Every structure is written in C-alpha cells, then in structure tokens.
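Scroll down for the structure; my scribbles are underneath it.
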Amino acid sequence: MAEALSGKVPTKKEGLRVVGVIPVRLESARLPGKPLRDVAGEPLLFRVWHAAAQYSGWDDLVVATENPELVDFCRQRSIPVLLTGVHPSGTDRLFEVAERMPADVYVNIQGDEPTLLPEHFVTLLQPILRGEAPVSTLRVPLAAELVDNRNMVKVVVGMGDRALYFSRLPIPFHRDSSGGGTWHKHIGIYAFRRAALLWFRRLPPGRLEKAERLEQLRFLENGIPIAVPLTLKDTIGVDTEDDLERAVQWFRNRNEAVDGFLRP
C-alpha cells in the first residue's frame, strides 16, 4: 500500500499490453438511459471515459456497447468505440472485445463510475502486473452507517488481500456490536489476465452468482483467486437517482474548488 501511495510501483510491466474497456448499454432498471444522463453539464458516459483517460498506462481505451445510439454519441465526441453483440454481463462483453483486440490484460471499467482517479488504476493493476492473481478489483473502507445499503456490495478478504466473499448484505457479521466492526465496500472495476476471461466464458454461472447477482462470484466458486487491494479513495457508483445527485454535487464541488484556486 505504501508503494502505491508513493508512486514507486510502475503503472506498466514491460511487454504487457493493457487495454481499458468501458462496457455500457442504455438499459438500466433503476436509472433509465443512465449513460446519457447529465452529470453537471456532461453525460455520464463522457464523465467515465474522461476519468479513465487520465490514467497514462493504457495501450488502448475503448467503449464497448450494443447500442447504436451510444456508438453515435462516442463518435461525435471522438471516443474510441466498438459496437458489440448483446451480452448478459459486462464481463461477457469484455470477452468479445478480447477476441477483437489482442492484449495481455483487460480492465473492465464500469460505465457508471465517473469519479475514478488514476491512482485507482495503479492500485488495481499491481497484483496483475506482479503476477499475484489472474483477477483484481478494489475495496475501500465502508462507514458503519452505510453497511446496510444493499446497493453497495461488500467484500471480505483473507491473507494476501484475496477475496473470500462478496455480498450485498453486511459482511462480516459482528456478533459483538460493541467491538467496532470493519467493513469494506467493493469498487466495481476489474483487471483480468486474458486467461481469466477465457475461464469466465467457459464456466457456467454458479448458485452463489445467481443468488447474489454478482458475476465475480463465478471465479470464487471455481477456485480462481481474486486480489482485492485497498484504496482509501472512495468513488461514486451511479445506480440510482440519489447516486446521480451525489455525482453531480461531486463535480460541482470540484469545479468550485478549481475556480476558487484560479480566481482567489
């Protein structure tokens, strides 16, 4: 962790090709038309792409979508985009991209994470570039008052920051409530070695994945380790109208801070 904060860990490993992919579609049960919803003057999809583009370690960064409307939007904004087939999950869409764009490492950047920072990608990729795990994702400390929010996925890790389980319910359960529990929220971006995507595609969804509706559990159910390094910078994943308003306020606050610095 100290190395990540100091910037001493390289963002790339020589010889490895790293591709960032933003899989996105228009349909959203909780937030219709989500990718094009306004976030402080810019559509959500543009905010996500712009945030990811600030990281300098990509060999390629591309949006992948099944919706021609989103393809047109990306082309109008000069955002690299691929029109894909219809897929049940973002990881399945990522697999199609992997078939069309050869690389060693693919990063699944959720299309509803507009507040990502370059340091998130540095931390995310460390276990992959070091050969410590075939799959990596992120966790951040979660305040006790938010632990019952089922829109926030929780993760429990064991030795070596390896995932033990993901759930929408509060885990771990602290039997002694006076003991001061520690919880971690899962930040839904993933880095995969190419082989891990092949495994995911070949393995059927398991009972835990179906129960929780969390596709990362497919790896754990089949004994494939997931590294979950810690970041101290939380993000705003936009799943609901309340989340959208939080993201709007985040960008407004940031813009006000910049304006205040430039014009004291």
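The values are calculated or read from the model by the stated rules, or taken from the named source; none is laboratory data. Here the structure is a predicted model, which means the values were calculated and not measured. Positions of Cβ are backbone-derived with ideal geometry, glycine not excepted, and every protein chain shown enters the neighbour counts.
Worth a mention:
- Meets criteria (within 16 Å of the chain's Cα centre (by Cα) and at pLDDT below 95) for ARG30: no
- Number of residues in the stretch 92-133 that are of a type in the set (S, T, N, Q) and farther than 15 Å from SER56 by Cα equals 3.
- Residue in the stretch 41-59 that is farthest from the chain's Cα centre (by Cα), counting only those that are over 18 Å from MET101 (Cβ atoms) and outside any helix (DSSP H, G or I): GLY41
- Residue, farthest from ARG37 (Cα to Cα), within the stretch 63-80, restricted to residues that are surrounded by fewer than 21 Cβ atoms within 10 Å (Cβ to Cβ) and within 20 Å of the chain's Cα centre (by Cα): PRO80
- Scanning the stretch 67-103 for residues that are under 19 Å from ALA53 (Cα atoms), part of a loop (DSSP other than H, G, I, E, B) and not basic (Lys, Arg) turns up SER78, ILE79, PRO80, MET101, ALA103.
- Qualifying residue in the stretch 161-172 (condition: over 30 Å from LEU244 (Cα atoms) and in contact with a His (Cβ under 9 Å, 6 or more places away or on another chain)): no
- Lone qualifier among VAL122, VAL62 - being β-branched (Val, Ile, Thr) and not in a helix (DSSP H, G or I): VAL62
- The single condition among (1) charged (D, E, K, R); (2) part of a loop (DSSP other than H, G, I, E, B); (3) surrounded by 20 or more Cβ atoms within 10 Å (Cβ to Cβ) that LYS185 does not meet is (2).
- The C-beta contact set for the stretch 65-93 (first residue closer than 15 Å to GLN110 by Cβ, second residue hydrophobic (A, V, I, L, M, F, W, C), distance under 6 angstrom, 6+ apart or interchain) comprises THR65/VAL24; THR91/PHE200; ARG93/ALA64.
- Going through (1) assigned to a strand (DSSP E or B); (2) surrounded by fewer than 18 Cβ atoms within 10 Å (Cβ to Cβ) one by one, PRO204 falls short only on (1).
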